[in-house]
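None of the figures in this text is laboratory data; all of them are computed from the coordinates on show. For clarity, every value in this text was computed on a predicted model and none was experimentally measured. Note: ideal-geometry Cβ built from the backbone for every residue, glycine included; neighbour counts use all protein chains shown.
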RNA sequence: GCCGGAGUGGCGGAAUUGGCAGACGCGCACGACUCAAAAUCGUGUUCCCUCGGGAAUGUGGGUUCGAUUCCCACCUUCGGCACCA
């Protein structure tokens, strides 16, 4: 009997190999034009202090996939960095009274260490940290380019303001029914501030085009809804004083059904339209609306409210005089902030009209309904039908009406076909300290002047009062704030707001190309070789934020000649979330946080990696199971002993060899496909199954034959992406050349995988009754005969002739009796 | 209200194209090894049963020789949007 082998102890091998790989630069990725490149990218972490098990869940399967692609012969780049600016640094710093910079960089140092314990193939030479001046210099440079090309502008605008964080929030940073701040959960309020915006709306249409990218359908739908394109017409009414009053409508066909108009309380024409005897109540209503929170205003179940201005407008299609009201169900932020009221065919307008006793005029008669009557109808009818009471449009069938109406208003010169989007321009100003300063100087003579490129970066000063006062902290730093105008040299003032961190993360995939490039955001040859990103992995929660911004960014800079292609990331795959063992989101307050470091101490990195890949559908995720992970640990322990411990070799191994090769190559086929499809759980289960078969074959005397050698070789290569340390160790112990991670993916042998007999399932009337073993390629006649001869079949048929027989070659025969 | 994802044993999950439901793992039970335990190994494990079978993939229908898979109508749950004109 063989000597007992030492046990599998991950701690003895993992750190050792990590160090060697690092020393050898095993995962350095350099331009190599002889190979096809593969840029694999996983979303970079925010340096919150500790790596979360969620980071492992996102990153280690992505790493396994990147490793798989590398073994497939690609030159793979898989970089890592830190999204290092942002609010939490300030909040944490305020709590602990340490400088945000210190807090952030301490966290980064810690997280680097934790990231290394994953055994991932990150090329650390390419690390990028968005809070480094050499990084945000280029963030600012990108801003300047947008500014110079009229893609950045400043305007006074009401913004969502978090009173606790003392800052502006972007719309997508406001969550929930009570519209709270995503960070501190305080309900947000509105505030008017002068803010910088990027013209993302200019790219709205192009952002709707996903035809060149392989992104998950849910993300495409989320973005499509977020952009919210609606087509219709803009129509210009005239107030009685002669001011143009423009509305947007998706239903220009209902123009003859307009019985009133409604302005948003903030609409600039409200004041002018209001007659003296209505002034008091209109002003009261407007003030009340403005004071209300957005939640109160936007509650959809709220009864309609509003007041009559006393003013009238003229309907340009029929010259009718219609009353103009003010109501808060019309939003200043969408369309033109004014609507035409068509109560007969729009439920909201209908509710409003009934409440205030306004006319309801039917202009569409649907086919299958009895004749509508505006005075008595109980609800609006938005359906299609034949136009009635609509002047030149009367009699037009529903499907032509909109088109014809647009033609008509265009001929009359009172409007035109128009498109409106729900997406708004990207607000990037933050009244915070820990961000990239917006590189603009305000000069009394020259206005807003961008800081010249050769003076970048505008350094973020360290000596700042970063505790929140409601003002931008940089405003309180006089020697930084007051400067000279770069254009005229006169006294001037810096912009004291910093940029939204989504600006930093919009281009980090470019920073990785050459993180310390002195004269351009990236080295051109690196860009030309690596871009675009071939595979991007991360959470779906970024669908309407980062993932839309980075697409916009690329398109804008393509138009400015900086980037080349329209889309930065060709393939996107989303992972799900790991929840606490209680099925709830992990949080410190719930005490259900799983610490990856502790799991690594208990089981080793390979086990944690394997379990995260094996235990969940990657795109779904689920609760952490403290017991289940042991299955993955046992698997690795079994691989260890079965591969290292001597077994016995039978005299004749022909059958066992054939069987083993078949199973190895069948597994190779399925594992390869599963890796390609990001189905990591079946990658691991396939390997587990093969191991079970190998254990049995070894037990039966199939050990150490050439088929066995091949099996071990292929097995280790297949598991190398999943469990890189143990496979490297076993590879070395079995005397194979360093490193397994430089080996090509094994070659699939179809002949070896082929079965030479089939197990045919016999159904009678659709129910499984029996099975027979038949040679591969058996004819239907023989299969049929063999099946009908079976006792179980005969018994059920009881002498009857089968009415029909369905034969699925190699799989199944169904006898219908 | 609208849009999207998910519902399969005690649990995580599997099931190329409509073709053996429950692979693999956890847990549990029994057994081996051990003075004992841990670790490890082996056997069994959807449910009901009169041991012939029968039922079962959220619910109810439908298409089909055959449905976890396709169609229709619902239910539960998670996420997004929500007076968007």
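Side notes on the structure shown:
- Exposure proxy ranking, count of Cβ atoms within 10 Å, fewest first, for A:699, A:567: A:699, A:567
- Order of A:815, A:594 under a 10 Å beta carbon neighbour criterion, fewest first: A:594, A:815
- As a ratio to 2.2 N^0.38 Å, the alpha-carbon radius of gyration for chain A is 1.21.
- Length gained when the stretch residue A:155-residue A:796 is fully extended (0.36 nm per residue, less Cα-Cα span): 222.5 nm
- The C-alpha atoms of chain A define a longest principal axis, and helix A:133-148 lies at about 40 degrees to it.
- Two-site FRET efficiency, residue A:94 against residue A:190, from Cβ-Cβ distance with R₀ of 22 Å, rounded to 0.05: 0.35
- Computed over segment A:230-420, the alpha-carbon pair-distance distribution with 10 angstrom bins reads 10, 37, 37, 15, 2, each value a whole percent.
- Relative exposure of A:758, A:189, judged by other C-beta atoms within 10 Å (fewest first): A:189, A:758
- Relative to the longest principal axis of the Cα atoms of chain A, helix A:217-227 runs at roughly 10 degrees.
- Label positions at residue A:378 and residue A:481, each projected 7 Å from the Cα along the C-beta direction, are separated by 6.3 nm.
- Taking the Kirkwood radius as Rh and the Cα radius of gyration as Rg, segment A:627-753 has a ratio of Rg/Rh equal to 0.94.
- Label positions at residue A:638 and residue A:804, each projected 7 Å from the Cα along the C-beta direction, are separated by 4.4 nm.
- Efficiency of FRET from Cβ geometry, residue A:630 and residue A:367, R₀ 60 Å, rounded to 0.05: 0.35
- Estimated translational D of segment A:350-464 in µm²/s (Stokes, Kirkwood radius over Cα pairs; 25 °C; 0.890 mPa s): 121 µm²/s
- The length gained by stretching the chain between residue A:214 and residue A:355 to full extension, at 0.36 nm per residue less their Cα-Cα distance, is 45.8 nm.
- Relative contact order of segment A:682-768, defined on C-alpha pairs under 8 angstrom at six or more residues apart (%): 18 percent
- Whole-angstrom gap from segment A:730-795 to segment A:679-710, using each part's C-alpha centre: 16 Å
- Computing FRET efficiency as 1/(1 + (r/R0)^6) for residue A:709 and residue A:593, where r is the C-beta to C-beta distance and R0 is 35 Å, gives about 0.20.
- Kirkwood hydrodynamic radius over Cα pairs of segment A:4-46, then Stokes diffusion coefficient at 4 °C and 1.567 mPa s, in µm²/s: 92 µm²/s
- Residues of segment A:788-817 with an amide N closer than 14 Å to a point placed 7 Å from the Cα of residue A:768 along the Cα-to-Cβ direction: A:811-814.
- Spin-label model, residue A:33/residue A:221: points 7 Å from Cα along the beta carbon direction are separated by 4.5 nm.
- 0 to 90° range, to nearest 10: angle between helix A:680-699 axis and chain A longest Cα axis: 10 degrees
- By the helix-only formula, in which each DSSP H run with n ≥ 4 contributes -39500 (n - 2.57) and the sum is divided by residues, chain A has a 222 nm mean residue ellipticity of -11000 deg cm²/dmol.
- Once the Cα-Cα distance is subtracted from the 0.36 nm per residue extended length, the residue A:559 to residue A:455 segment shows a gain of 35.0 nm.
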